[in-house]
Amino acid sequence: MKMKKIITLMLVIIMTFTGVANLFAISQAAVLFLLISPGARSAGMGESFVAIADDATAVYWNPAGLAFQTGREVTFMHANWLPGFGAATSDMYYEFLAYRQYFESLGGTLGANVTFLNLGEMNETSEDGPQILSTFNSWDLAVSLSYATKLGENLGLGVGMRYIRSNLAPIGAGEEKGIGVGTAFAVDLGVLYKFGFINGLSFGMNLSNMGPKITYIDKKQADPLPTNLKIGFAYKALDTEFNRLVIAVETNKLLVHGRDDFFKAMTNSFSLPFREQARSMISSIGLEYVYNNMISLRTGYYYDEEGQVKYPAFGAGLQYAAYRFDFAYVAAKQGHPLADTMRFSLTAGF
């Protein structure tokens, strides 16, 4: 199998389950696993979390959320990926591990995380037939470090730096100049503001995956990173001793335009007519109810018109002392790649 075919296969698979709206843009971007949202808690809320970001998963959702967190916390999530594809993806899985800690000497909070997507075992076949020459594992990995601090009582700013390694295929073929392995670096910028004049209302924004293109074969075929803009609001509609209810809304826009570098792509992504821009945005809404700081019930809805990815999500959580277990279920229609996707995460504070 030629290297270009291997890479194309990987991109098609990832495009199917990321649910990113602009299909032309997504066909040009690489390392799309960076768009997979971690944390069963946020998944159960339809992936509406940028304006909440109040646990260790803030390193993904909005690094500015770390500014309002103290103490230490670690969280881990596991998910078998694309169960809707059956045996073809039985060995695909996603792992996310994050840690955050407040440092008084730094005047803020540091966060770190590792993201790993196993794409399973692949075969190298001969050019003139189905003969299997060798087998190899394909995977993607990202390691991130974030820092956030408060600029005033209600405003938090955060920045994240990320190292990315994509190991699609450790071999080359034909006239190709390289192998299917690429590395890149990216930066995230986040803002979280809590409105003082409306108690319980917050605004969040995160611009993620800004960085140079990633090269697999040669520089002429380099692909842009999936630079993405998240904007959202959250409101604590109920906040008493035993009952809490949070409502969150969010929209996402992928800032990829052809093979432009990310500065030019961000500009060109907003040059389209408003109607086209609205169609390319992904919207979500989520609710979380917490009783007595122990039991959580969640629901949400994910809406991607252009990508035709629309589904409700449900979740639950159980907290005991400093430990929290979360579960989420995606209720996509049967036959959809995301159907029956379940996510589990464990969080511990200390």
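For the reader, a short list of remarks on this structure follows.
- Once backbone amide H atoms are built at 1.01 Å from N, Ile214 has Asp223, Leu225 as its partners under 5 Å, excluding neighbours fewer than 5 places away on the same chain.
- Estimated at 0.36 nm per residue, the fully extended path between Lys236 and Phe344 surpasses their Cα-Cα distance by 36.4 nm.
- Label-to-label distance, Phe195 versus Met161, with points set 7 angstrom from Cα along the beta-carbon direction: 3.6 nm.
- Given their separation in residues at 0.36 nm each and the Cα-Cα distance between them, Asn292 and Asn268 gain 3.8 nm when the chain is fully extended.
- Sorting Tyr94, Tyr302, Tyr320 by the number of Cβ atoms found within 10 Å of their own Cβ, with the fewest placed first, yields Tyr320, Tyr94, Tyr302.
- Amide H contacts under 5 Å for Asn137, placed H, 5+ residues apart: Met122
- Between Asp218 and Asn137, the contour length at 0.36 nm per residue exceeds the alpha carbon distance by 27.0 nm.
- Cut-off under 5 Å, modelled amide H: who pairs with Leu255 long-range: Thr227, Asn228, Leu229
- ³J(HN,Hα), Karplus 6.51/-1.76/1.60, whole Hz, each residue of the stretch 192-205, x for Gly, Pro: 9, 10, 9, 5, x, 8, 10, 4, x, 9, 9, 10, x, 8
- As a proxy for reagent exposure, Arg298, Arg41, Arg165, Arg324 were ordered by neighbouring Cβ count within 10 angstrom, fewest first; the result is Arg165, Arg324, Arg298, Arg41.
- Counting neighbouring beta carbons within 10 Å and listing from fewest to most, the residues Met294, Met45, Met205 come out as Met294, Met205, Met45.
- Subset of Lys150/Lys236; Lys194/Lys264; Lys194/Lys230; Lys220/Lys264; Lys230/Lys310 violating a 25 Å alpha-carbon distance limit: Lys194/Lys264
The numbers here are math on the coordinates, done by the rules we state, and not lab data. It should be emphasised that the depicted structure is a prediction, and the values quoted were computed from it without experimental measurement. Glycine also receives a Cβ, built like all others from the backbone with ideal geometry; neighbour counts cover every protein chain displayed.
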